[in-house]
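FYI, it's all coordinate maths here, none of it is from the lab. What you see is a predicted model, and the numbers here were worked out from it, not measured in a lab. Counting neighbours? That spans all protein chains shown, and the Cβs are built from the backbone with ideal geometry, glycine included.
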Amino acid sequence: MRFETPLIPAVLIRRYKRFLADCRLEDGREVTAHCANPGSMMGLAEPGMKIWLEPNDDPKKKLKYGWRLVEHANGHFTGVDTSVPNRALRAALEAGEISELAAYKTVRPEVKYGEKSRIDFLLQQDGLPDCYVEVKSVTLSREPGLAEFPDSVTARGTKHLGELSNMVAQGHRAVMLYLVQRTDCGRFQLAADIDPAYAAAFASARAAGVERLVLGTRITPQGVEAGAPIAAVH
């Protein structure tokens, strides 16, 4: 998935009201960017961080910049836009690049199911059970090399795990897919101390037959692509 317009570097001044970020461009101008991330963004929203913004000239958008990446001092990147994983994964799924799911040739995004929910992807193929794929963007890292989810309490995420379990009970296949939007992590685990209810729901879902798939990403200021599987610690 390539960004629609070339990203430009900036320095973060502050993030506030969850969805707003004041930034300083290289020419010294200060602008407000849309932050498409409802989470805590722990460790990713410190004033002075180098970030990358996507400009737009859409007259329907009040804000003319969107915050897409954090660039760390070690040259690694974190993608902070929670809409990016689905766009990157759709391209990978349609191209058959995810081996665990490559047998499915029909990829349907945002399909209604369960109790007023929408599955990120419904995969279908003659001769195979329907496969319900729920996607979560992973950006938290509190220990070098270790990615964690979630970065804040997520009642919605807990509900989704229950919905996936119900799909398995109905004879379908269900996959909880964590896309690690960091290039500096090679391991993954749940942040059970942040949201114990989510961790418990995940354990129940796994026992019910829900599969777990953790993928890394390749991130540059040009775009984000789904990468190789990442090992789950437990």
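Numbers at a glance
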item: Residues being of a type outside the set (A, V, I, L, M, F, W, C), closer than 20 Å to residue 100 by Cα and surrounded by 15 or more Cβ atoms within 10 Å (Cβ to Cβ) - total across the stretch 211-227; result: 5
item: Candidates 201, 231, 208, 197 - the one that is in contact (Cβ under 8 Å) with a residue 40 or more places away in the chain, touching a strand residue (DSSP E or B) at 6+ places or on another chain (Cβ under 7 Å) and either buried (at least 22 other Cβ atoms within 10 Å of the Cβ) or of a type in the set (A, V, I, L, M, F, W, C) (or both); result: 231
item: Residue count for the stretch 199-230, restricted to those that are under 15 Å from residue 77 (Cβ atoms) and of a type in the set (Ser, Thr, Tyr); result: 2
item: Wholly within the stretch 90-141, strands (runs of 3 or more DSSP E) carrying at least 3 residues that are surrounded by fewer than 19 Cβ atoms within 10 Å (Cβ to Cβ); result: 106-113, 117-124
item: Test: residue 116 is over 30 Å from residue 197 (Cα atoms) and either of a type in the set (Lys, Arg) or touching a Gly at 6+ places or on another chain (Cβ under 8 Å) (or both); result: no
